[in-house]
Amino acid sequence: MKQSFRIIIISLILIILLNGTSFSAPQIPLLDDTLEAINGNSEREGYVSAIQLLILFTILSLAPSILIMMTSFTRIIIVLSFLRNAIGTQQTPPNQVLIGIALFLTFFLMAPIAAEVNQEAIQPYLSGDINQEVAIDTALVPIREFMFRQTKDKDIALFLKIAKIDKVNEIEDIPTRVLIPAFIISELKTAFQIGFILFIPFLVIDMVVASTLMSMGMMMLPPVMISLPFKLLLFIMVDGWNLIIGQIITSFK
């Protein structure tokens with residue numbers, strides 16, 4: 001049984017290897033220096049296909065981190081989580097709904113940047129007008145501009161100091177490895193500031209309800225049970241979702 005299983009595995013591997021060079025690769029300049037050392041068009045196409053698949057899978061594996069850490073997603077999901085905790089509705093809305101809202105708001109906010117990246121970097125790269133290195137550098141330009149607008153100078157200075165980069169004449173001289181962590185902690189700080197402001201009106205309602213219950217001698221009645229309907233009523237009367245989502249979107253520069 002084991003021997004037959006090994007034969008099947010070896011046969012599948014041979015089929016994959018023999019068919020690997022039959023896929024036609026698009027004429028995209030990729031790792032030119034390495035590919036010049038390969039003789040034969042079939043071998044060149046096979047290596048290009050394999051390298052492109054490797055790069056594609058690498059990008060797909062990093063896509064969640066890129067979406068969370070280099071876009072507006074972090075601020076939005078933290079503010080929505082603070083809002084749910086401030087109202088005191090436990091798991092309502094559920095995590096899946098909050099993540100869905102944060103994702104679609106992120107797509108809405110980042111759509112102009114994505115369109116610019118597609119027009120300036122992806123399409124020229126696919127058509128063969130620019131190579132991979134130029135495409136990556138071009139794609140990073142609008143993303144870096146977005147992150148710079150949201151990042152505080154104090155946070156950039158912190159990571160420049162940690163990276164031991166003494167003099168920076170222009171923002172273009174700041175490396176991306178410094179910008180990304182500075183952007184992340186700036187987003188965390190901004191999200192916590194918005195969350196603190198969200199807590200204030202609901203905290204006032206909790207304090208009023210708790211004081212009223214104590215004055216009436218109802219020590220055993222949980223104040224949360226009484227304050228929750230009032231907090232929901234307040235949130236509905238001020239059209240809370242419209243107000244909160246509007247403030248989150250306008251908070252991005």
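Note on ILE185 and VAL224: the extension gain reaches 10.8 nm, defined as 0.36 nm multiplied by sequence separation minus the Cα-Cα distance. What the phi angles of region 172-181 give under the Karplus curve with 6.51, -1.76 and 1.60, with θ = phi - 60°, is a coupling list of 5, 7, 6, x, 5, 5, 8, 5, 4, x Hz, glycine and proline written as x. Sequentially through region 159-164, phi angles give Karplus couplings (6.51, -1.76, 1.60; θ = phi - 60°) of 6, 5, 5, 5, 6, 6 Hz, Gly and Pro residues having no value and appearing as x.
Between ASN95 and ILE66, the contour length at 0.36 nm per residue exceeds the alpha carbon distance by 8.4 nm. Each residue of region 124-130 was assigned a 3J(HN,Hα) from its phi angle through the Karplus curve 6.51 cos²θ - 1.76 cosθ + 1.60 (θ = phi - 60°); the sequence is x, 5, 5, 7, x, 6, 10 Hz, with glycine and proline shown as x. What the Cβ-Cβ distance of GLU133 and TRP241 gives, at R0 = 45 Å and to the nearest 0.05, is a FRET efficiency of 0.55. Less than 5 angstrom separates the built amide H of THR71 from none of the residues sequence-distant by 5 or more or on a different chain.
For region 115-169, the set of trypsin sites (Lys or Arg not before Pro) satisfying both a DSSP loop assignment and a count of at most 10 other C-beta atoms within 10 Å is given as LYS164, LYS167. By a 1.4 Å probe calculation restricted to protein chains, THR138 has an accessible surface near 40 Å², given to the nearest 10. Note on ASP153 and ASN169: the extension gain reaches 4.4 nm, defined as 0.36 nm multiplied by sequence separation minus the Cα-Cα distance.
The packing ranking, built from the mean of other Cβ atoms within 10 Å per residue, places the peptides 208-218, 179-189 in the order 179-189, 208-218, highest first.
The values are calculated or read from the model by the stated rules, or taken from the named source; none is laboratory data. Worth saying up front: this structure is predicted, and the values here are computed from it rather than measured. A quick note on method: Cβ atoms are made from the backbone with ideal geometry, for glycine too, and the neighbour counts reach across all protein chains shown. Heads up: the accessible areas ignore ligands, DNA and RNA and are worked out on the full protein's heavy atoms, side chains in. Shrake-Rupley method; radii C 1.70, N 1.55, O 1.52, S 1.80 Å.
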